[in-house]
Amino acid sequence: GLLVQMGCYQYQPTGGVSPAVGQQVRVSLTDAGRAQLSDQLGESIDWVQGTLAAVDTASLTVDVATTRNLRGGYATWFGDRVQLPTRGVNQVTVREFSRGRSWLLAGGIVAGLVVVSKV
């Protein structure tokens, strides 16, 4: 299941357009944002991933599902709502369906089944 989810979706930059409430987003933080949010998110957080709950000119509010620190470690969250000040945000990307990755995944699965069936 996880392999299928990874193959079918990818995160794309918003192109300067604010994402819609309810979209899955990944928000990378600046150094200032990491420092400001360390008491809520933990030390050295690179990005926050989750569902966008609210957006305005001063902040993004995210129901957090996952965080990744600068060392590459991940932490799973359970929808805790965190307000991220826009001054502390480096980039926002949104989760979108990827046809190309999905076709590659489907081709890989079919090829694997062919190999297994011949053994």
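The values are calculated or read from the model by the stated rules, or taken from the named source; none is laboratory data. Remember, it's a predicted structure, so these values are computed and weren't measured experimentally. As a convention, Cβ positions derive from the backbone with ideal geometry for all residues, glycine included, and neighbour counts pool all protein chains shown. Side chains included, ligands, DNA and RNA excluded: accessible areas come from the protein's heavy atoms. Shrake-Rupley method; radii C 1.70, N 1.55, O 1.52, S 1.80 Å.
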Can you tell me which residue in region 80-102 is modelled with the highest pLDDT, limited to those that are part of a helix (DSSP H, G or I) and surrounded by 12 or more Cβ atoms within 10 Å (Cβ to Cβ)?
Gly88
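Does Val114 meet the test of being open to solvent by 60 Å² or more (accessible area, probe 1.4 Å) and either of a type outside the set (S, T, N, Q) or at pLDDT below 95 (or both)? Explain how you work it out, then say what you get.
Numbers: open to solvent by 60 Å² or more (accessible area, probe 1.4 Å): yes; either of a type outside the set (S, T, N, Q) or at pLDDT below 95 (or both): yes.
Against the criterion (open to solvent by 60 Å² or more (accessible area, probe 1.4 Å) and either of a type outside the set (S, T, N, Q) or at pLDDT below 95 (or both)), Val114 qualifies.
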What are the pairs, 6+ residues apart or on separate chains, where a residue within region 89-103 that is farther than 11 Å from Val25 by Cβ has its Cβ under 7 Å from a residue that is at pLDDT below 75?
Arg101/Gly7; Ser102/Gly7
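Identify all residues within region 49-61 that are over 13 Å from Thr86 (Cα atoms) and either aliphatic (A, V, I, L, M) or open to solvent by 30 Å² or more (accessible area, probe 1.4 Å) (or both); write none if there are none. Lay out the reasoning, then the answer.
If we filter region 49-61 for residues that are over 13 Å from Thr86 (Cα atoms), which is where we start, we get 49-53.
Passing the criteria: Gln49, Thr51, Leu52, Ala53.
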Inspect all residues belonging to region 27-45 and state whether any of them is of a type in the set (Lys, Arg) and in a strand (DSSP E or B).
no
Kindly check whether there is at least one residue in region 28-41 that is crowded, with 17+ Cβ neighbours inside 10 Å, out of contact with any Cys (no Cβ under 9 Å at 6 or more places or on another chain), more than 16 Å from Thr86 (Cβ to Cβ) and of a type in the set (Ser, Thr, Tyr).
no
So which residues in region 61-79 are assigned to a strand (DSSP E or B) and either on the phi > 0 side of the Ramachandran plot or of a type outside the set (Phe, Trp, Tyr) (or both)?
Thr61, Val62, Asp63, Val64, Ala65, Thr66, Thr67, Arg68, Asn69, Ala75, Thr76, Gly79
Give the residues of region 53-82 that are within 14 Å of Val21 (Cβ to Cβ) and touching a residue at least 24 places away in the same chain (Cβ under 8 Å), sorted by residue number.
Ala53, Ala54, Val55, Ser59, Leu60, Val62, Arg81
Failed condition for Ala35, given (1) of a type in the set (A, V, I, L, M); (2) in contact (Cβ under 8 Å) with a residue 12 or more places away in the chain; (3) more than 23 Å from Phe97 (Cα to Cα)
(2)
